[in-house]
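The values are calculated or read from the model by the stated rules, or taken from the named source; none is laboratory data. Since this is a predicted model, take the numbers as computed values, not measurements. As a convention, Cβ positions derive from the backbone with ideal geometry for all residues, glycine included, and neighbour counts pool all protein chains shown.
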Amino acid sequence: MKKPRRILYALVAALGSHFTLSAQNAPVVVEAETGTSTNPATPVTGATTGDWAVRTAAASGGAPAVTYITCLTDVAGYTSPTSPGGGVGGAAPATAARVLSFTVTFPGPGTYDLYAKVRVGSGGANDDSFFYGNSLGAKGPTTTTDWTTANGFYNAGYATGSGNVLVDGGGGAATGVWKWIDMSKFLTYGTAGNTFTVAAGALTQTFQIGAREDGLDFDKFVFGQTGLYFTVANLDAGTQGSTTAPVQFVPPGPPLATGKPKYLGCVYTDNEVPNFAKYWNSVTPGNSGKWGSVEGTRGTFNWTDLDAAYNMAVTVNGPFRMHNMIWGAQQPTWIKGLADTTQLREIKKWYAAVATHFAGKRLDYIDVVNEPINTPPTGFTTIGVPGTPAGTAVADGGGYINALGGTGATGYDWIITSYQLARQYFPASKLVLNEYSLVNSSARTATFVTIVNLLKSRGLIDGIGIQGHAFSTGGTPAATINANLATLAATGVPLYVTEYDSDALDANGVSNDAVQLAEYQRVFPLFWENPNVKGVTLWGARVGHWRTAQGDNIINADGTERPALVWLRNYVQSTALGTQAASAASAGVFLYPNPAQDGSVSLSLPPSLGAQAVEVALFNNLGQLVLRQTLAAQPDAVRTLGLPGVAKGMYTVRLQTGTQAYSQRLTVN
């Protein structure tokens with residue numbers, strides 16, 4: 001037995017390198033502050049000049065302090081090796097000073113993925129790109145073929161501390177949070193990044209990154225063996241990945257509000273896609289429906305993400321809310337500064353483009369004007385978003401309020417024009433006016449009601465959108481919320497809670513399940529059980545929520561449900577909702593035939609209203625009054641409404657009987 005054993009030992013010794021190749025190489029952690037550059041050679045802590053600086057984020061909310069590196073410069077686009085210019089929009093760092101070098105020793109030969117722990121600044125898409133060498137070794141600062149561009153990850157990645165969550169090329173972590181991204185799998189301009197091959201005998205290598213935009217912070221990089229599954233927990237701790245993918249929680253479905261008389265929907269963004277159809281039965285696009293997202297380049301329309309949101313509405317067989325047409329933020333930067341007549345022409349093209357793209361499809365609701373009080377399209381805020389002083393400039397604010405008529409005779413002519421255009425281009429959609437911080441402010445609610453009534457008198461509004469964000473509901477007494485809801489409901493226009501969320505931070509600034517649960521239990525029923533509220537939409541449920549920093553997600557990063565969501569499902573499914581007094585069609589008010597023929601239409605009222613005089617107003621799709629008649633009281637519940645001189649088309653008929661008003665659509669052939 002001794003001879004075979006000696007032979008085995010000899011084989012192991014001879015084939016040692018091959019055993020190394022088949023082993024799992026430990027991950028390599030590279031701290032960003034260990035990098036060197038030429039300006040300064042060693043980045044300076046707290047520097048405000050030069051190209052790189054080392055900084056420290058203090059411990060907060062239970063998270064430890066983080067020492068990181070950031071680039072201080074953000075310069076013009078790279079054009080060519082002879083005219084480098086800089087890095088933004090280009091394909092190389094451009095100068096040696098903008099390159100950061102690391103010495104990395106790998107545990108063994110093999111192929112590795114590059115993971116980066118980064119934090120994107122407040123500039124979002126303007127703070128989320130950098131270069132890295134497309135292989136190991138020193139690179140030429142102006143040699144474009146040496147570099148891979150990483151860009152567009154401001155709303156991608158996986159937040160640190162999120163546990164057993166696989167880190168791949170996706171994710172939905174937002175700006176302002178430390179997050180992990182598998183740069184080797186993340187797609188930039190539709191192309192995945194690079195893996196890194198290390199040869200035996202050359203385990204110590206140079207790795208380089210290059211600055212492209214300022215506002216992007218780097219904490220560390222990890223090289224993990226390609227083919228293994230690395231979770232956030234692995235990368236946070238620098239531990240080895242697994243040969244099998246982590247198991248994710250899958251909800252049972254169906255949507256929470258299945259069988260209920262009102263919908264419970266959610267905003268649709270990349271991070272909300274997993275299991276969307278098992279939770280929600282209504283869809284509102286996030287950024288993808290905003291003008292600046294669709295037509296960022298004048299005359300070029302990108303419908304991809306908006307179509308994905310619409311297709312989800314088809315999948316869940318629920319309402320689709322187009323968000324939005326006119327807003328004083330996230331507008332195309334090119335619209336600002338154009339002549340008023342040119343701006344109006346471009347606005348009409350925007351409406352027409354949406355109408356044409358969705359021809360034959362259901363745009364159930366349209367947030368025609370978003371935040372008319374807080375963020376009108378003037379180029380600055382009037383009242384101010386939370387934490388932002390009034391009058392603060394908005395870079396993408398549009399600046400086209402005068403193109404729509406400015407304040408005009410009503411004080412809100414620009415809003416009226418926006419809705420006249422909406423009636424013209426979207427005759428089958430319900431038109432909604434959307435605003436935040438109504439439920440916590442009687443003054444703002446009163447102003448909003450003034451606008452609503454101007455639109456209502458012209459037959460131009462079908463819904464009131466109440467955003468319902470945590471910064472409005474948090475700390476606001478239930479009595480105040482109910483009082484402002486009652487004021488809005490008194491207009492007779494249906495209410496919709498369009499953007500609901502509740503914070504979870506405790507007194508120490510730490511996300512706390514119990515805090516969030518209590519707030520959901522306090523606030524959500526005020527909306528859900530109000531008979532005037534026809535539906536509720538959450539403005540996010542998963543990590544990557546726009547208020548992730550406030551703990552507003554109700555689904556953990558690994559897909560498991562927080563207590564607030566467990567309660568929400570049970571509450572919605574077990575709560576019997578009352579019915580509201582009859583209005584519109586449910587009151588038994590009918591127009592027939594519809595489409596109208598031969599210059600008249602019959603109006604049928606229920607017996608309870610039949611003996612009353614009826615004032616009838618007819619509005620065209622521009623919201624212009626076409627006809628007004630008063631039909632005298634009579635015992636017969638059926639009246640004939642003449643339509644002298646009324647052209648073919650789609651109209652809104654507004655009926656007033658005593659203190660009650662009804663609106664219905666009428667087609668005239």
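Structure values in brief
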{"quantity": "Given (1) of a type outside the set (D, E); (2) over 20 Å from the mean Cα position of the chain (by Cα); (3) under 22 Å from T498 (Cβ atoms), index of the condition G551 fails", "calculated": "(2)"}
{"quantity": "Region 251-273, residues that are of a type in the set (A, V, I, L, M, F, W, C) and in a strand (DSSP E or B)", "calculated": "L264, C266, V267"}
{"quantity": "One residue from G137, G201 being at pLDDT 95 or above, assigned to a loop (DSSP other than H, G, I, E, B) and either β-branched (V, I, T) or more than 32 Å from the chain's Cα centre (by Cα) (or both)", "calculated": "G137"}
{"quantity": "Top-ranked residue in region 148-176 [being under 19 Å from D217 (Cα atoms) and in a strand (DSSP E or B); ranked as modelled with the lowest pLDDT]", "calculated": "G171"}
{"quantity": "Total residues in region 364-400, condition of a type in the set (V, I, T) and modelled with pLDDT of 95 or more", "calculated": "3"}
{"quantity": "S184 being under 20 Å from L100 (Cα atoms), part of a loop (DSSP other than H, G, I, E, B) and among the small types (G, A, S)", "calculated": "yes"}
{"quantity": "Qualifying residue in region 111-130 (condition: touching a residue at least 24 places away in the same chain (Cβ under 8 Å), crowded, with 16+ Cβ neighbours inside 10 Å and farther than 30 Å from G540 by Cα)", "calculated": "yes"}
{"quantity": "Of all residues making up region 274-313, the number that are in a helix (DSSP H, G or I), among the small types (G, A, S) and touching a Phe, Trp or Tyr at 6+ places or on another chain (Cβ under 7 Å)", "calculated": "2"}
{"quantity": "Q248, sole failed condition from (1) within 30 Å of L72 (Cβ to Cβ); (2) not assigned by TED's automatic domain parsing to the domain that holds I69", "calculated": "(1)"}
{"quantity": "Number of the condition not met by A549 [criteria: (1) of a type in the set (A, V, I, L, M, F, W, C); (2) assigned by TED's automatic domain parsing to the domain that holds P427; (3) at pLDDT below 75]", "calculated": "(3)"}
{"quantity": "Residue within region 28-43 that is modelled with pLDDT under 70 and exposed (fewer than 12 other Cβ atoms within 10 Å of the Cβ) present", "calculated": "no"}
{"quantity": "Residue identified as over 29 Å from L625 (Cβ atoms) and modelled with pLDDT of 95 or more among A483, A470", "calculated": "A470"}
{"quantity": "Pair list, Cβ under 9 Å, 6 or more apart: region 653-669 residue at pLDDT 65 or above, other residue in a strand (DSSP E or B) and among the basic types (K, R)", "calculated": "V653/R665; Y662/R654; S663/R654; Q664/R654"}
{"quantity": "Tally, over region 177-198, of residues that are modelled with pLDDT of 95 or more and among the hydrophobic types (A, V, I, L, M, F, W, C)", "calculated": "5"}
{"quantity": "Matching option when the condition is crowded, with 22+ Cβ neighbours inside 10 Å and either at negative phi or hydroxyl-bearing (S, T, Y) (or both), among T188, T149, T143", "calculated": "T149"}
{"quantity": "Given (1) in a loop (DSSP other than H, G, I, E, B); (2) surrounded by 19 or more Cβ atoms within 10 Å (Cβ to Cβ); (3) modelled with pLDDT of 75 or more; (4) not hydroxyl-bearing (S, T, Y), index of the condition V601 fails", "calculated": "(1)"}
{"quantity": "From V273, V283, V314, V267, residue being within 21 Å of the chain's Cα centre (by Cα), assigned by TED's automatic domain parsing to the domain that holds V497 and modelled with pLDDT under 95", "calculated": "V273"}
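Listed here are the residues, each with its yes/no results for (1) among the aliphatic types (A, V, I, L, M); (2) in contact with a Phe, Trp or Tyr (Cβ under 8 Å, 6 or more places away or on another chain); (3) crowded, with 18+ Cβ neighbours inside 10 Å.
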| residue | (1), (2), (3) |
| --- | --- |
| T410 | no, no, no |
| Y419 | no, no, yes |
| E435 | no, yes, yes |
| L438 | yes, yes, yes |
| R444 | no, no, yes |
